[in-house]
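Structure, as structure tokens:
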Amino acid sequence: MKKKKQKNFKKYIIRFWMLVLGGFISVSLVFLLASWGVFGTLPTFEELENPEKNLATEVISSDGVTLGKYAFKNRTPVGFKDLPDNLVHALIATEDERFYEHSGIDFRGLARAIVKLGKGGGASTITQQLAKNLFNKGGSSSTLKRLTQKVKEYIVATKLERQYTKNEIIAMYLNTQGFLFNAIGIRSASRIYFGKEPKDLDVQESAILVAMLKNPRQFNPNREISKKKSLTRRNVVFAQMAKNEFISQEEKDSLQNLPLKINFTPESHNDGLATYFREYLRGYLKKWVKNNPKPNGESYNINRDGLKIYVTLDSRMQQYAQEAVQEHMANLQSYFFKEQQKNETAPFYDLEEEQIDGIYNRARKRSDRYRRMKKNGYSVKQIDSAFNASTDMRVFSWNNQREVDTIMSPNDSITYYKSILRSGLLSIEPQTGHIKAWVGGINHKYFKYDHVEQGKRQVGSTFKPFVYATAINQLGLSPCEKFSNTPYTIPKGRFGIPKAWTPKNSGEKYGGEISLKDALAKSINVISARLIDMVTPENVVRLAKSAGIESRVPKSPSIALGSVELSLMEMTGAYATFANKGMRVEPNMLLRIEDKNGTVLADFTPETKEVLSEESAYVVLELLKGVTTAGSGVRLRTSAHYYKDIITGFPYKFTNPIAGKTGTTQNHTDGWFMGVVPNLATGVWTGGEDRAVHFENIAEGQGATMSLPTWALFMKKVYADKSLNISEEDFEKPEYVGIDTNCGKEPVDKKNSIKKRLSEDDDTDF
């Protein structure tokens, strides 16, 4: 009996060891087979050496701020040195307490998970999670496949541990983790959820992000449905940090009592700073990569190669420019809506019913709704019915959210959007040609058209300085020189015109003699006609082209009044020439391009050429200064509030020298203001999408009302920020100026005279 028991015991012992050895051999075989690639390929040594893929290309401002990204996945890696201690501590305490003790696999945690069937917490280490993020494309519903995936994760984890330091693994893990809302990696997450760089995260913010690692959707602080769970999970992180002695119990209790914290700042092509600029830059970069391949001949991919695009824009100035446009346009739009309540053909003027119908038909055919219905075979009658039917829609609004949910028909939405006034602003540093601020429109999500580079509209009186500059440069005319302010005719045939041309002054005001300085200040049309007759349209065009006007400019005398369509880019760049002593520096937006490793791929140096003499440029500036002291720009100076509240931010009370020019086109369709100080030239345009959309009266529709306030608001913000070093000094006078610019002192403005000037419509050309 005893022998039988001994025999059975030996049998059990043998079976036990066979089971253990068999299990060990089986597990070893599984690992061996996995390492041989039987269950699918493993990452190569080269891949382990360089696992970072699909890196976002960053657009970085001249002051070091990321303006936006181009990416399939919004991921920009950071090094361990850029991670705050509180973030690292929160991660280790919550996700892998023995991270610095194991070599990729936590066998103690694995045993606990097996014994407790996963109820005591998972066994996956940070290194294993990194392996999964890098080389395993999601899980599997199949148990067998999931087990083989786990085995592969173990193998890759051990390889990663041999290849990288612990700190590098932490950084790589956080760089590859998804956080929803287009936030991939810790840098994108910290910028999107808290509007800051990872190094600036405080302990609560770090805990919220670490809490999301368990399930970014379930514990997301930006989703109303998950905010409560996010708060609870954040507090678990604090508890784990206290347990692991990264914070004290007192700190834990204090932190757990804090409300949930978030500063959601989405990063998309429609959000953030310089949206229109970034879209234009994207098009430029597509051309650049075609002409500048990698050393191996492949093309760079701006969506995944992690390029660094250093641009000339200043993030502070860009912010001020966007704020200025939005502040004034929201106010201006409210006045326009009020006016349209009395307009039977709102929002159009000057059009017959047939012409209005044509506008609506073209708008319908350009819409996505129309194209979808047409593609799906709907009849004209069905499409018309759909466009007349009311439906739920979200439209642009000047509220805080910049959009509102409403009910209206597609036809009504067309009318609504046609009623929205548009605007653009561009600011350039004359000495370098650097573009410092670019606002292509009022809202990129709803209005894609770029009024800086794409849009070309009649420029009105803002073109007159080129006529004056030609006369000064060619003939040496003085701002003090006087001409007869009487009707002037250029006869038929001269310069090839088919009939005699006799332009009229605004309000048909004539009489006496007037100096060139006063003539430009008051935008006197007959003087511009006299000057272009003296110097010829051809020479004016030649100077304008030399200053950077690339669009076609007819060699016709009518260009003296601005009957030419140009872009803000062209106009602002040309005006910058005056401030740069007559030297044209091509407007440029790029400083350099680097690859993901910091290797410089391209440097950018703008072209420079002389357009007019330093003396002539200075004299032109003296003329333009007169516009802001005695002309249509005088409201920049006044300290008394005499005008309607439509003039946002008025009174402006500028005291520094400003060279400027307003411009208003026929029917006050387009309103311009070009303003120049010694180291900044800024242009603003405002108008409707269609030329028939405008204010009824010139008092509201002129450039001094529609665009000058935006410029003034922008410059007030710029001057308030002393770190920008925008000059409030006068323009530098050349050593020798042979042309007389001393036309006597400006008369002291009495209140009544200021009021009179503010009410005059003196920048109109037609």
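What follows draws every value from the coordinates through simple rules; no lab data is involved. All figures in this text were calculated on a predicted structure; none of them were measured in a lab. Virtual Cβ from ideal backbone geometry, glycine too; neighbours counted across all protein chains shown.
Please report the spacing between the Cα centers of segment 410-435 and segment 228-276 in Å, no decimals.
38
Find out how many positive minus negative residues lie around Val611, taking Lys and Arg as positive, Asp and Glu as negative, among other residues whose Cβ is under 15 Å from that of Val611.
My count for the surroundings of Val611 gives -2.
Hey, how many Å between the Cα centroid of segment 549-577 and the Cα centroid of segment 628-654?
27
Are any of the pairs Lys464/Lys522; Lys445/Lys722; Lys504/Lys625; Lys214/Lys261 more than 22 Å apart by Cα-Cα distance, and if so, which?
Distance filter (> 22 Å) returns Lys445/Lys722; Lys504/Lys625.
Would you tally the net charge around Glu197, using a Cβ to Cβ cut-off of less than 9 Å, leaving Glu197 out, and scoring K and R as +1, D and E as -1?
+2
Run through segment 309-384 and list the GluC sites (Glu not before Pro) located in a DSSP loop whose Cβ has at most 16 other Cβ atoms within 10 Å.
Sparse-neighbourhood loop GluC sites (Glu not before Pro): Glu344, Glu352.
For the cross-link pairs Lys81/Lys132; Lys492/Lys733; Lys286/Lys609, which exceed 32 Å when the distance is taken from alpha carbon to alpha carbon?
In this structure, Lys492/Lys733 exceed 32 Å between Cα atoms.
Got the relative contact order for segment 423-759 handy, in percent, Cα pairs under 8 Å and 6 or more residues apart?
Reported relative contact order: 21 percent.
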